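Q: Let me begin by handing over the structure; questions about it come next.
The values are calculated or read from the model by the stated rules, or taken from the named source; none is laboratory data. Keep in mind the model is a prediction, meaning the values are calculated, not measured. Please note: Cβ atoms are built from the backbone with ideal geometry, for glycine as well, and neighbour counts cover all protein chains shown. Quick note on the areas: whole protein, heavy atoms, side chains included, nothing else; ligands and nucleic acids left out. Shrake-Rupley method; radii C 1.70, N 1.55, O 1.52, S 1.80 Å.
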Amino acid sequence: MTKKQLLQSIENKIDAYMELVQIMYDNPEIGNEEFETMKLLVNYLDSVGFKTTSGYVVPTGFLGEYDTGKEGPTIAVMCEYDALPEVGHGCGHNLIAGIGVATGEAVKGIIDQYGGKLLVVGTPAEENFGGKVSMSEAGVFDDVDVALMVHPGSQTGVGGRSNALNPIKFEFFGKNAHACDPASGASALDAAVMSYLQINLLRQFAAPHTYIHGVIKDGGEAANVIPGYASMEYYFRAPTIGYAKELTEKAIQAVDGICKANGVTYQTSTYECPYEDTVINYKLADILTEKYTELGLEDIAPVDEVATGSTDVGAVSYRCPTIQGNIKICGKEVAGHTKEMAAATISPDGKNGLIKAAQGLSLTILELLENPALLAEVKAEFDETIASL
């Protein structure tokens with residue numbers, strides 16, 4: 001009966017959830033600017049009986065809390081809701097928020113009979129400023145037993161590894177001069193261009209599944225002036241944050257030598273939030289696979305062991321057992337971070353994806369509430385994995 005109640009809660013209220021998804025689609029807000037989106041989601045959680053806090057840890061973060069007042073686990077469902085410039089919700093974060101709210105409301109309806117605490121955590125700015133990093137550093141997930149979310153895309157699955165990310169800005173300081181009197185100046189642009197080429201050459205010597213990519217942001221204003229200032233922004237991605245930092249240091253050493261050769265000085269800074277890699281919890285992955293199968297989903301991808309992109313979910317995964325599953329809402333011809341992906345979130349497939357993802361998460365949570373020994377296995381795996389890192 002409890003399982004049926006969970007499933008029906010999501011199906012019966014799907015129109016309300018899709019209205020939230022549509023509003024976010026129509027009014028996209030980029031990271032750290034999601035004030036109206038925060039209000040939208042907080043108002044909904046208020047209306048269904050959660051105790052809410054706006055501006056939680058970060059200005060556009062929020063917390064929806066439901067405490068049974070009885071002993072039991074603390075379960076966190078994570079919501080993302082930042083959009084991308086130009087393409088809006090091309091990463092599907094509006095649907096992630098809908099999935100999180102639907103899961104939270106469904107579980108709230110049954111958790112009193114088991115005990116514990118339910119959190120719906122609004123984690124903004126996933127794309128570049130790492131709301132989950134700030135929240136993890138603030139201790140939000142320290143007492144959480146399990147944290148869960150699902151990301152939409154072109155494949156249903158149980159998530160996988162993500163690359164650590166170290167975002168570094170290089171600034172070059174030379175000396176302006178007339179272009180017809182170059183000996184009186186020192187070209188910051190020359191140093192930047194040579195550094196760009198040298199950093200790119202590091203790629204062939206990097207370990208597999210690492211990525212180095214960057215752009216020249218500033219290179220001068222006029223062709224007849226030797227540029228006195230230039231800058232580059234780089235992402236160093238690797239399977240671990242330690243190796244990402246090792247690659248970064250090699251790049252800095254190259255830049256140092258180039259600047260000395262060109263009579264230019266430089267400085268480096270971290271211009272966005274670094275992200276840790278994601279720690280996999282295989283027991284949680286097995287449970288979500290089982291629940292997706294119960295719901296009739298097919299072609300469920302196993303844990304992806306080869307990391308490519310990066311996410312701030314990694315920070316949470318170092319604090320508590322964490323899973324970021326996937327749900328299919330479009331074909332593989334639709335790429336992420338595109339207007340086509342954004343459109344998929346408000347399509348019939350997006351609606352069905354919300355239902356199945358929220359039901360999968362809700363059934364996973366129910367399994368953990370009903371089976372404390374299984375939850376203990378999940379936590380034991382987490383402890384063992386973290387101890388080995």
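Q: Which one is nearest to VAL101 (Cα to Cα), of the residues in segment 117-144 that are open to solvent by 10 Å² or more (accessible area, probe 1.4 Å) and assigned to a strand (DSSP E or B)?
A: The selected residue is LEU119.
Q: Condition first: touching a residue at least 40 places away in the same chain (Cβ under 8 Å), in a loop (DSSP other than H, G, I, E, B) and under 21 Å from THR103 (Cα atoms). Now tell me which residues in segment 279-297 satisfy that.
A: Across segment 279-297, the qualifying residues are ASN281, LEU295, LEU297.
Q: Just for segment 247-286: of the residues that are under 23 Å from the mean Cα position of the chain (by Cα) and farther than 26 Å from GLY325 by Cβ, which one is most open to solvent (accessible area, probe 1.4 Å)? Explain how you work it out, then say what you get.
A: Pass one, segment 247-286, residues under 23 Å from the mean Cα position of the chain (by Cα): 247-248, 269-286.
If we keep only those that are farther than 26 Å from GLY325 by Cβ too, we end up with 247-248, 269-271.
Details: LEU247: 5, THR248: 8, SER269: 45, THR270: 80, TYR271: 59 Å².
Residue satisfying both the conditions and the ranking: THR270.
Q: Which residues, taken from segment 255-278, are under 18 Å from ASN166 (Cβ atoms) and free of Cβ contacts under 8 Å to residues at least 12 places away in the same chain? If you could, list the steps in order and put the result at the bottom.
A: The first filter runs over segment 255-278 and keeps only residues under 18 Å from ASN166 (Cβ atoms), leaving 255-256, 266-278.
Within segment 255-278, just ASP256 meets the criteria.
Q: Can you list the strands (runs of 3 or more DSSP E) found entirely within segment 209-277 that contain at least 2 residues being out of contact with any strand residue (DSSP E or B) (no Cβ under 9 Å at 6 or more places or on another chain) and on the phi < 0 side of the Ramachandran plot? Walk me through how you get there before you give the answer.
A: Numbers: elements: 211-218, 229-238, 265-270.
Filter on segment 209-277 gives an empty set.
Q: Can you tell me which residue among TYR229, TYR196, TYR211 is within 18 Å of the chain's Cα centre (by Cα), open to solvent by 20 Å² or more (accessible area, probe 1.4 Å) and farther than 30 Å from ILE365 by Cβ?
A: That would be TYR211, the only listed residue that is within 18 Å of the chain's Cα centre (by Cα), open to solvent by 20 Å² or more (accessible area, probe 1.4 Å) and farther than 30 Å from ILE365 by Cβ.
Q: Still on this structure: Across segment 158-188, which residue is nearest to LYS356 (Cα to Cα) among those that are among the small types (Gly, Ala, Ser) and either touching a Phe, Trp or Tyr at 6+ places or on another chain (Cβ under 7 Å) or assigned to a loop (DSSP other than H, G, I, E, B) (or both)?
A: Of segment 158-188, the ones among the small types (Gly, Ala, Ser) are 159-160, 162, 164, 174, 177, 179, 183-188.
Remaining after also requiring either touching a Phe, Trp or Tyr at 6+ places or on another chain (Cβ under 7 Å) or assigned to a loop (DSSP other than H, G, I, E, B) (or both): 159, 162, 164, 174, 179, 185, 187-188.
Numbers: GLY159: 15, SER162: 24, ALA164: 29, GLY174: 57, ALA179: 63, GLY185: 63, SER187: 57, ALA188: 54 Å.
This residue is GLY159.
Q: Consider segment 3-27. How many of its residues are part of a helix (DSSP H, G or I) and either touching a residue at least 24 places away in the same chain (Cβ under 8 Å) or buried (at least 20 other Cβ atoms within 10 Å of the Cβ) (or both)?
A: First, pick out the residues of segment 3-27 that are part of a helix (DSSP H, G or I): 3-12, 14-26.
With either touching a residue at least 24 places away in the same chain (Cβ under 8 Å) or buried (at least 20 other Cβ atoms within 10 Å of the Cβ) (or both) added as a condition, the list becomes 3, 5-7, 9-11, 14, 16-18, 20-22, 24-25.
The qualifying residues number 16.
Q: If you scan segment 146-157, which residues turn out to be part of a loop (DSSP other than H, G, I, E, B) and open to solvent by less than 20 Å² (accessible area, probe 1.4 Å)? Reasoning before the result, please.
A: Kept after step one, since they are part of a loop (DSSP other than H, G, I, E, B), are these residues of segment 146-157: 154-156.
Correct list: THR156 only.
Q: Let me ask something else. Of everything in segment 80-109 that's more than 19 Å from ILE329 (Cβ to Cβ) and not in a helix (DSSP H, G or I), which residue is most open to solvent (accessible area, probe 1.4 Å)?
A: As a first pass, look at segment 80-109 and keep what is more than 19 Å from ILE329 (Cβ to Cβ): 85-86, 104-109.
Imposing the further condition that a residue be not in a helix (DSSP H, G or I) reduces the set to 85-86, 109.
On the way: PRO85: 88, GLU86: 172, GLY109: 48 Å².
Of everything passing the filter in segment 80-109, GLU86 is most open to solvent (accessible area, probe 1.4 Å).
Q: Which residues, counting only those in segment 57-79, are over 9 Å from VAL121 (Cα atoms), part of a loop (DSSP other than H, G, I, E, B) and not β-branched (Val, Ile, Thr)?
A: Initially, segment 57-79 is screened for residues over 9 Å from VAL121 (Cα atoms), giving 57-60, 66-75.
Add one more test, that the residue is part of a loop (DSSP other than H, G, I, E, B), and what stays is 57-60, 68-73.
The answer is PRO59, GLY69, LYS70, GLU71, GLY72, PRO73.
Q: Counting only residues that are under 17 Å from GLY100 (Cβ atoms) and assigned to a strand (DSSP E or B), which one in segment 300-336 is nearest to the chain's Cα centre (by Cα)?
A: Per the stated criteria, the residue is GLN324.
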